[in-house]
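Nothing in this text is a laboratory measurement; each read-out follows from the coordinates by a stated rule. Quick caveat, the model's predicted, so the values are computed rather than measured. Note that we place each Cβ from the backbone using ideal geometry, even for glycine, and neighbour counts take in every protein chain shown.
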Amino acid sequence: MGSHLTPQYDIFDYAGWAELTRHAPHSHVASLRIHVYAHCRGKGHGRRLIQRVLFCAKRLGIRRVEATPYTDNLVSTRFFAQLDEFEHEGFRRFGGRRDGQLVDTHLYAWVDA
């Protein structure tokens with residue numbers, strides 16, 4: 001594997017999916033994208049998927065997982081705010097792009113201390 005490749009790990013579930021992407025090969029930091037299908041929300045599936053993600057992260061030697069939901073995505077923001085495993089570390093001005101427009105994001109992180 002060349003040093004320009006960034007490993008990505010996908011976790012699929014009947015209730016949704018999660019994607020864990022290392023910031024750089026062999027990095028201890030990864031970004032998280034998660035989606036729970038609308039008909040499965042509010043039933044604990046997201047929390048279970050997060051547990052699987054963190055289990056995989058630990059097995060892969062990842063020590064920090066970051067999630068950056070858009071500030072206007074209230075469902076996602078509420079989800080991460082309720083998780084004991086993730087801490088709100090702040091905001092990123094223009095931290096994301098949606099439909100060609102720069103948007104602000106939250107920064108939530110899990111750290112395996």
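Rounded, prolate or oblate for the range 1-89? Axes are the square roots of the Cα gyration tensor eigenvalues, ordered a ≥ b ≥ c, and the cut-off for rounded is a/c under 1.5.
Details: a/c = 1.95, a/b = 1.61, b/c = 1.21.
Note, shape of the range 1-89 comes out prolate.
Is the range 42-113 best put as rounded, prolate or oblate by its Cα gyration tensor, with a ≥ b ≥ c the root eigenvalues, rounded for a/c under 1.5, and otherwise prolate when a/b is larger than b/c, oblate when not? Walk me through the numbers before you get to the answer.
Numbers: a/c = 2.07, a/b = 1.51, b/c = 1.37.
Prolate.
Between V53, V36, V65, where does the largest GNM mean-square fluctuation fall for the chain, given springs only between Cα atoms within less than 10 Å?
Top of the fluctuation ranking is V36.
Please go through the range 2-92 and write out the chymotrypsin sites (Phe, Trp or Tyr not before Pro) that DSSP classes as loop and that have at most 13 other C-beta atoms within 10 Å. Show your work: numbers first, answer last.
Working: sites: Y9, F12, Y14, W17, Y37, F55, Y70, F79, F80, F86, F91; in loops: Y14, Y37, F86.
For chymotrypsin sites (Phe, Trp or Tyr not before Pro) across the range 2-92 that sit outside H, G, I, E and B with at most 13 neighbouring Cβ atoms in 10 Å, the list reads Y14, Y37.
Around V111, what is the net charge, scoring Lys/Arg as +1 and Asp/Glu as -1 over all other residues with Cβ under 15 Å from its Cβ?
On the way: positive: K58, R63, R64; negative: E66, D84, E85, E87, E89, D112.
Counting the neighbours of V111, the net charge comes to -3.
Summing -39500 (n - 2.57) over the DSSP H runs of n ≥ 4 in the chain and dividing by its residue number, what mean residue ellipticity at 222 nm do you reach, to the nearest 500 deg cm²/dmol? If you can, show how the numbers build up before the last one.
Values: 2 runs with 24 residues, N = 113.
It lands at -6500 deg cm²/dmol.
When a footprinting reagent is the concern and you count Cβ atoms within 10 Å, what order do I11, I50 take, fewest first? Can you show the working numbers first?
Values: I11 15, I50 22.
Lowest to highest Cβ neighbour count: I11, I50.
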